[in-house]
Amino acid sequence: MAGYQAHYMQRFLNYLERSGEHKVIQKLIDTVLPPELTKETGVRVDIVEPSTDLTRNFKALVARTSSLRDVSFNWNVVSCAEYEKQVKAEEVVKGDLIHMIQWYYVDDPAATLKFFHSLLRENGKLLIIHEADEAHSGDTVLWKTFKKEPCTNTLSDYLSAGDIKVQLDALELRYEELVARNARDITECFTEGSRDGEMLLEFMTDRENFQVDGRVLFDCSLSALLIHA
């Protein structure tokens with residue numbers, strides 16, 4: 001599966017609306033990144049995203065954001081592995097900041113880490129924001145517990161921030177971690193006839209028509225891993 005497409009995209013947008021994830025991500029970025037990295041102008045940004053739907057939404061957001069007029073965007077609708085092949089076939093351009101969110105479609109985490117870390121300039125930063133480990137995230141507990149069923153439709157494996165930290169330690173890369181606590185309201189998942197609840201549960205379990213017969217909160221905390229060059 002090449003990223004979020006079609007009906008999966010609808011579930012993802014429904015999930016974002018109910019999880020508050022983007023607000024948490026913005027909070028993490030504001031907290032962990034040096035101010036100079038978030039206020040630069042006249043910069044070049046390379047986007048790597050395999051989903052055509054997400055890329056189209058991203059382009060529309062950029063077009064209506066006046067503060068990004070001085071930023072040059074290079075759009076790559078490819079996977080990380082395809083981007084690596086593309087970069088290695090050309091002259092490598094290194095960057096000051098590489099920002100990666102949710103490694104759902106990464107086949108080789110260690111190789112991906114090593115490659116993107118190699119693209120950092122001196123004193124550059126690699127920021128990875130991902131579901132926290134089992135101690136902080138219900139998503140990780142869900143997917144690790146039900147590794148074979150039900151969470152096996154579009155993803156062959158599941159990574160948490162804990163798994164990424166194992167790879168960082170093996171590569172002896174210096175990093176810092178900040179966990180942002182968050183909870184999504186999943187009450188509608190238990191409300192009969194709620195299509196929004198059904199879509200949220202389908203996204204969380206990666207299963208179509210996954211149904212279950214007060215207010216219920218699901219821990220969906222995120223970890224930010226700031227890796228130094």
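The values are calculated or read from the model by the stated rules, or taken from the named source; none is laboratory data. Quick caveat, the model's predicted, so the values are computed rather than measured. For neighbour counting, all protein chains shown are included, and Cβ atoms are generated from backbone atoms with ideal geometry for every residue, glycine included.
For region 63-84, filtered to residues that are among the β-branched types (V, I, T) and surrounded by 15 or more Cβ atoms within 10 Å (Cβ to Cβ), the residue that is nearest to K114 (Cα to Cα) is V78. Looking across region 49-107, the residues that are of a type outside the set (D, E, K, R) and part of a strand (DSSP E or B) come down to S72, F73, N74, W75, N76, G95, L97, I98, H99, M100, I101.
Looking only at residues in region 1-50 that are among the hydroxyl-bearing types (S, T, Y) and at pLDDT below 70, which one is nearest to N74 (Cα to Cα)?
Taking region 1-50 first, the residues among the hydroxyl-bearing types (S, T, Y) are 4, 8, 15, 19, 31, 38, 41.
If we keep only those that are at pLDDT below 70 too, we end up with 4, 8, 38, 41.
Numbers: Y4: 20, Y8: 25, T38: 18, T41: 16 Å.
Among residues in region 1-50 that are among the hydroxyl-bearing types (S, T, Y) and at pLDDT below 70, the one nearest to N74 (Cα to Cα) is T41.
If we keep just the residues of region 146-170 that are among the small types (G, A, S) and either out of contact with any helix residue (DSSP H, G or I) (no Cβ under 9 Å at 6 or more places or on another chain) or over 17 Å from Q102 (Cβ atoms) (or both), which is modelled with the highest pLDDT? Selected residue: A170. Residues of region 127-136 that are within 11 Å of V179 (Cβ to Cβ) and at pLDDT below 70: A135, H136. If you go through region 75-87 and keep only what is polar (S, T, N, Q) and within 19 Å of the chain's Cα centre (by Cα), you end up with N76, S79.
Screening W143 with (1) at pLDDT 85 or above; (2) part of a helix (DSSP H, G or I); (3) not small (G, A, S) gives one miss only, at (1).
Considering only residues that are in a helix (DSSP H, G or I) and of a type in the set (A, V, I, L, M, F, W, C), look in region 181-206 and name the one that is farthest from the chain's Cα centre (by Cα).
F190
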